[in-house]
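The values are calculated or read from the model by the stated rules, or taken from the named source; none is laboratory data. All values derive from a computational prediction rather than experimental measurement. Heads up, the Cβs are rebuilt from the backbone with ideal geometry, glycines too, and the neighbour counts pull from every protein chain shown.
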Amino acid sequence: MTYLRRVFMMTLTILLSNSHSVESFTTPLTTKPLSQTKGTIMGLFNKENNDSVSRNTSLQKKSNIANNNPNVFSVATASAFVAWSLFSGAALADGQTSKFKLPPIDYSDPNRCVLKSSSIGQANAARDKLYDLRACNIPEQKAVGYDLSGVITTKTDLRKSNFQDAQFSKAYLHDSIFDDSDFSNAIVDRASFRGSSLRGALFVNTVLTGTSFEESNLENTDFSDAYMGDFDSRSLCKNPTLQGTNPVTGVDTRASAGCK
């Protein structure tokens, strides 16, 4: 918090000392014209910058000005929020929170275990109802180009399935079997494969930003040209099962993920 407070105050100081920044990013929120407001602020600045006033006192007065001026305060608040976003820790993949609870399985739906591509076309897993494939035994699926965002699998068998060019944004893929499945060119962002078996799976040229493979079996997988952040890559390399050779491509598993 101390660090963020410093970032906030530094941002506020820069904005207040540069009239162009205020004029470019704010609009009048009071009845006074912007030019008059800016003139008032700069006049106070000139007064503060007397040789007898210390730097700390000047900074405190600038903070008081921000509290009385909605224009400057709104910009400084937004800037501080951006700083928080940039310097805060990495976010967890969806489904990685410690208290994640799922509703009971609806076994009354006869079509519950059928793969269906979303027609909404959104990357935030928006659907008209829960997409639940838990406890489904549906291997060797052909789902090329399917939008499966937001899908939930637990104890699900999807081995040897073709998911090329598919989308799995925010998918909950825990404790399931994806052995020998092909995720090449797919978008699997912010997903979680916790506890799942992915032996021999292909993630060639796959987007894996924010995706977790914690406690999953990655033996003989191929991550060639997969896109992931530095934090995701370091986490992946810590998986002890990341070893072997993919039977389809012949590529070394650990080398394909860029791990030493």
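The single condition among (1) surrounded by fewer than 22 Cβ atoms within 10 Å (Cβ to Cβ); (2) modelled with pLDDT of 95 or more; (3) over 25 Å from LYS142 (Cα atoms) that GLY250 does not meet is (3).
List the pairs whose first member sits in the range 96-114 and is assigned by TED's automatic domain parsing to the domain that holds LEU148, whose second member is modelled with pLDDT of 80 or more and outside any loop (DSSP other than H, G, I, E, B), and whose Cβ atoms are under 6 Å apart, counting only residues at least 6 apart or on separate chains? Once the first residue is assigned by TED's automatic domain parsing to the domain that holds LEU148 and sits in the range 96-114, its partners that are modelled with pLDDT of 80 or more and outside any loop (DSSP other than H, G, I, E, B) give GLN96/SER192; GLN96/SER212. Evaluate the following for ARG254: is it in contact (Cβ under 8 Å) with a residue 12 or more places away in the chain and under 21 Å from SER161 (Cβ atoms)? Answer is no for this residue. Contact annotation: residue pairs with Cβ atoms under 8 Å, 6 or more positions apart or on different chains, pairing a residue in the range 207-227 that is at positive phi with a partner that is among the hydroxyl-bearing types (Ser, Thr, Tyr) and assigned to a strand (DSSP E or B), are ASN220/THR245.
Considering only residues in the range 137-185 that are basic (Lys, Arg) and within 18 Å of SER216 (Cα to Cα), the one that is surrounded by the fewest Cβ atoms within 10 Å (Cβ to Cβ) turns out to be LYS155. Against the numbered list (1) of a type outside the set (Asp, Glu); (2) out of contact with any helix residue (DSSP H, G or I) (no Cβ under 7 Å at 6 or more places or on another chain); (3) part of a loop (DSSP other than H, G, I, E, B), LEU242 comes up short only at (2).
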